[in-house]
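> What follows is a structure written as structure tokens; I'll ask about it next.
The values are calculated or read from the model by the stated rules, or taken from the named source; none is laboratory data. Quantities reported herein were computed from a predicted structural model and do not represent experimental measurements. We place every Cβ from the backbone using ideal geometry, glycine too, and count neighbours over all the protein chains shown. Ligands, DNA and RNA are excluded from the accessible area calculation, which covers all protein heavy atoms including side chains. Shrake-Rupley method; radii C 1.70, N 1.55, O 1.52, S 1.80 Å.
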Amino acid sequence: MRWDISRILKYAPADLIGRQAETRLLDDAWAKVQSGESNRPRILTFVALGGEGKTSLVAHWAAALSAQGWPGCAAAFAWSFYSQGTRDQSAASSDIFLKEALTFFGDDADKALAASNAGAFEKGQRLARVVGERKNLLVLDGLEPLQYAPASPTPGELKDQGVAALLKGLAQHNRGLCLVTTRCTLPDLKAFRQTTTPEVALHRLSRAAGVDLLKKLGVRGTAREFERLVEDVKGHALTLTLLGGFLHRAFGGDIRQRDCVKFEKADAKIDGGHALRTVAAYEQWLLGGGGKEGRREVAVLRLVGLFDRPADAACLAALRREPIPGLTEPLDGLNDDDWEFCLSGLEAARLLAVNRDATGALIALDAHPHLRAYFAQQLRETNAAAWRAAHRRLYEHLRASTPDRDAPTLEDLQPLYQAVAHGCLTGMQQAACDKVYKDRILRGQENYSSFKLGAFGSDLGAVACFFEQPWRRVSPALSEPDQAWLLHEAAFRLRALGRLTEALEPMRAGLEACVKQEDWKQAAIGASNLSELELTLGDVADAVADATQSVIYADRSGDWARRMRRRATHADALHQAGRWDEAEACFCEAERMQAERQPDYPLLYSLQGFRYGDLLLVAAERAAWRTVLPSPSGRGVGGEGLAEACRAVSRRTAQTLKWVKAQNWLLDIAIDHLTLGRAALYEAILTAADVRRSQSDIERAVAGLCRAGDVEFVARALLTCAWLRHLLGARSGSDSA
């Protein structure tokens, strides 16, 4: 039996108070897994605001299962999305999680997929199959960074394709159990909520449980005082834990000193509001009455607040190497024993989680996200110079300590992604963009991270750091050309990740910036991309208008390739608008330009060739649909002329497929298979032939497009596949009858 739950195990309390009902629910769910019951939860989600004890509950239960020797469990794996970077909720991704989980659960083929540039959707689907085929335990803690915010138009929906595919797959088939904790309900699983994916609201601690917790923390007082305090903080677990520790340490547990924390009615309306008030009072006491030990502890907590993930030992050592005025003076010259004493005190006070290896060496320090956020804000507001100096230290350390490898993995690049974040926080956006993001993550025109590793989510996280307001305004600290470029970068990655509506704003802003700068090459690309996106979203009129502009900008650029491609974009928009004669004329002009410039490749290929083929098949597709319609008027519409048109498209595409295979262009190979599959399907329908002749190409298209991670074309391929399967099902049904 294999297990890796260290990412949450460190948050397991020795004694879990007031969660007996939820623990019984978990025990019952696992007992049903062991017995193989079909009518049971496959995914169990706990929903509550921050600090209510979701992580503590799941971690404590998993620790207890581990102590029992993992009865009936094939393998157990836990991941905390709080601990993978949550500084910008708009840019969190599942890239690293999917790679680690596939590697843990899978075989050699799965490990190869994990390390490939396949899209998150394909990896999530595969992980669902691998996890669901055995009695495995999967824990996903703190999922909300991958969900849209409550105030957004789609509150709580998953914006990460990989995790969405994983959870939907497990909802349908899972021999084991998946546990999810989040602050937001999961609309993506709503269809399964009454059957396989129940959602449990984790409520406040009861009055009795809150009193018990305070007493175990060493607080002393009357029954009435205890009950009043629990009710004043609405039974919030984190607040009671922090407040109990504060009263015990500062006032010997005297509950009458609780007035040192000034709670206001407004606090209850803020996620963690009572807890933040408690932390503020605790901080003031440490600085004023805690002596030198207290000042050291505050310094450590402020260091942890510099990070949006666990602060690893090497980064902490870099921060302590030389004094940072206003931040690390209390730690200057601290010997190892005093450093360890400081960490132990913070751990005992439940302000810090200390992660060590088997030898006792420090791995990382972490704190509850509310605490991290509080100390980050305090340092930034009270000593901006120290804030910038610390982030500069981290930026320089991560840059210098990260080696350049010939073929770095996604893990190898993680310190560089962090360096980008710290560089931007210190005001070095231009240097972080040029020296880290462009040169070392993208590797210039190679686009290494995206095209070689498929790390669109991680790249988007880096791009977000350059924005003052994602995805509207780029930092003015960057040059105007780089501001326009980053808008395009954001739009491209949002679109690749399936976040199409979000991609519109940066795409339009980037286009406007390029036009203003008279950068006609980039303006042509921007207008073309915008047209394609508008078509996908159903805004055909605007798509035609922007495609027309893309041709104008391309002609101004003088670049033949852009002039040819933009005409193909324009032609596609005209096609979708029903202006087929105009569309064909534009495609013919683009193909003439292609043949003149590259006589060895006289046909439109790649995306341009796919779109031309789409137009050439339009009449055959309509006739095929009419042929299979159940009404009598829909039958007998096919004809040899349309079948020949299908064969002509197949001949064109067979040739272009040879060209793109030679370059190993995954997307282009897949869309050529889609064209071949569609042409064969329509021809078979029109001539009453066997539709199974199209099956191989259609299946290759679906698999290849999932691997390429292009949501738009995956949808097209799946629709064609669904039509084929319907026909096969109908025919097999009639045969059996």
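> Exactly one condition in (1) open to solvent by 40 Å² or more (accessible area, probe 1.4 Å); (2) within 30 Å of TYR148 (Cβ to Cβ) is false for ALA577; which is it?
The number of the failed condition is (2).
> Output the residues belonging to segment 581-604 that are open to solvent by 50 Å² or more (accessible area, probe 1.4 Å) and closer than 22 Å to LEU535 by Cα.
Hits for segment 581-604 are ASP581, GLU582, GLU584, ALA585, CYS588, GLU589.
> Considering only segment 547-571, how many residues are open to solvent by 20 Å² or more (accessible area, probe 1.4 Å), part of a helix (DSSP H, G or I) and farther than 18 Å from TYR612 by Cα?
Number satisfying all stated conditions: 7.
> Related question: Considering only residues that are open to solvent by less than 40 Å² (accessible area, probe 1.4 Å) and closer than 18 Å to ALA431 by Cα, which ones fall in segment 398-412?
Answer for segment 398-412, where residues must be open to solvent by less than 40 Å² (accessible area, probe 1.4 Å) and closer than 18 Å to ALA431 by Cα: LEU398, THR402.
> Here's another thing I want to ask about it. Could you tell me which numbered condition ALA407 fails, if it satisfies all but one of (1) aliphatic (A, V, I, L, M); (2) assigned to a helix (DSSP H, G or I); (3) more than 21 Å from the chain's Cα centre (by Cα)?
If we test ALA407 against (1) aliphatic (A, V, I, L, M); (2) assigned to a helix (DSSP H, G or I); (3) more than 21 Å from the chain's Cα centre (by Cα), just (2) comes out false.
> For segment 429-475, what are the residues that are of a type in the set (A, V, I, L, M, F, W, C), surrounded by 15 or more Cβ atoms within 10 Å (Cβ to Cβ) and in contact (Cβ under 8 Å) with a residue 40 or more places away in the chain?
CYS433, LEU453, ALA455, PHE456, LEU460, ALA462, VAL463, ALA464, CYS465, PHE466, TRP471
> Would it be correct to say that LEU511 is under 22 Å from the mean Cα position of the chain (by Cα) and not small (Gly, Ala, Ser)?
For LEU511, the condition - under 22 Å from the mean Cα position of the chain (by Cα) and not small (Gly, Ala, Ser) - is not met.
> Something else now. What helices (runs of 4 or more DSSP H) completely inside segment 1-104 contain at least 3 residues that are of a type in the set (D, E, K, R), farther than 30 Å from ALA115 by Cβ and out of contact with any Gly (no Cβ under 6 Å at 6 or more places or on another chain)?
Filter on segment 1-104 gives 20-35.
> Still on this model: Does SER531 qualify as being under 33 Å from the mean Cα position of the chain (by Cα), touching a residue at least 40 places away in the same chain (Cβ under 8 Å) and either farther than 29 Å from GLN161 by Cα or crowded, with 24+ Cβ neighbours inside 10 Å (or both)?
The answer is yes for SER531.
> Let me ask another. Just one of the numbered conditions (1) within 30 Å of PRO506 (Cβ to Cβ); (2) open to solvent by 40 Å² or more (accessible area, probe 1.4 Å) is not true of SER94; which one?
(2)
> Right, here's the next one. Could you say whether any residue in segment 157-179 is touching a strand residue (DSSP E or B) at 6+ places or on another chain (Cβ under 9 Å), among the polar types (S, T, N, Q) and assigned to a strand (DSSP E or B)?
No: segment 157-179 contains no residue that is touching a strand residue (DSSP E or B) at 6+ places or on another chain (Cβ under 9 Å), among the polar types (S, T, N, Q) and assigned to a strand (DSSP E or B).
> Further question: Taking GLU22 as the residue in question, decide whether it is in contact (Cβ under 8 Å) with a residue 40 or more places away in the chain, surrounded by fewer than 22 Cβ atoms within 10 Å (Cβ to Cβ) and more than 28 Å from the chain's Cα centre (by Cα).
In short, yes.
> For segment 137-156, name all the residues that are assigned to a loop (DSSP other than H, G, I, E, B) and polar (S, T, N, Q).
SER152, THR154, listed by residue number.
> Regarding VAL515, is this residue of a type in the set (Val, Ile, Thr) and surrounded by 21 or more Cβ atoms within 10 Å (Cβ to Cβ)?
No; evaluated as a whole, the condition is false for this residue.
> Continuing with the same structure: Listed residues ARG204, ARG220; which is among the basic types (Lys, Arg) and either closer than 21 Å to LEU143 by Cα or free of Cβ contacts under 8 Å to residues at least 12 places away in the same chain (or both)?
Just one listed residue meets the conditions, ARG204.
> Please state which one of ALA114, ALA118, ALA149 is open to solvent by less than 10 Å² (accessible area, probe 1.4 Å), over 30 Å from ASP15 (Cβ atoms) and at pLDDT below 90.
The match here is ALA118.
> Between residues in segment 139-150 that are under 25 Å from LEU65 (Cβ atoms) and in contact (Cβ under 8 Å) with a residue 24 or more places away in the chain and residues that are aromatic (Phe, Trp, Tyr) and in a strand (DSSP E or B), which pairs lie under 6 Å by C-beta distance while being six or more apart or on different chains?
If the second residue must be aromatic (Phe, Trp, Tyr) and in a strand (DSSP E or B), the pairs left are LEU140/TRP79.
> Here's a follow-up. Here are some residues: ARG224, ARG277, ARG204, ARG249. Which one is at pLDDT 95 or above, at negative phi, open to solvent by 60 Å² or more (accessible area, probe 1.4 Å) and not hydrophobic (A, V, I, L, M, F, W, C)?
Within the list ARG224, ARG277, ARG204, ARG249, the selection yields ARG224.
> Go through segment 181-212 and give me each residue that's closer than 17 Å to GLU22 by Cα, among the hydrophobic types (A, V, I, L, M, F, W, C) and either part of a helix (DSSP H, G or I) or touching a Leu at 6+ places or on another chain (Cβ under 6 Å) (or both).
Result: ALA208, ALA209.
> On to the next question. Test TYR601 against the criterion of being in a loop (DSSP other than H, G, I, E, B), in contact (Cβ under 8 Å) with a residue 40 or more places away in the chain and of a type outside the set (Asp, Glu), and give yes or no.
Judged against the criteria, TYR601 is a match.
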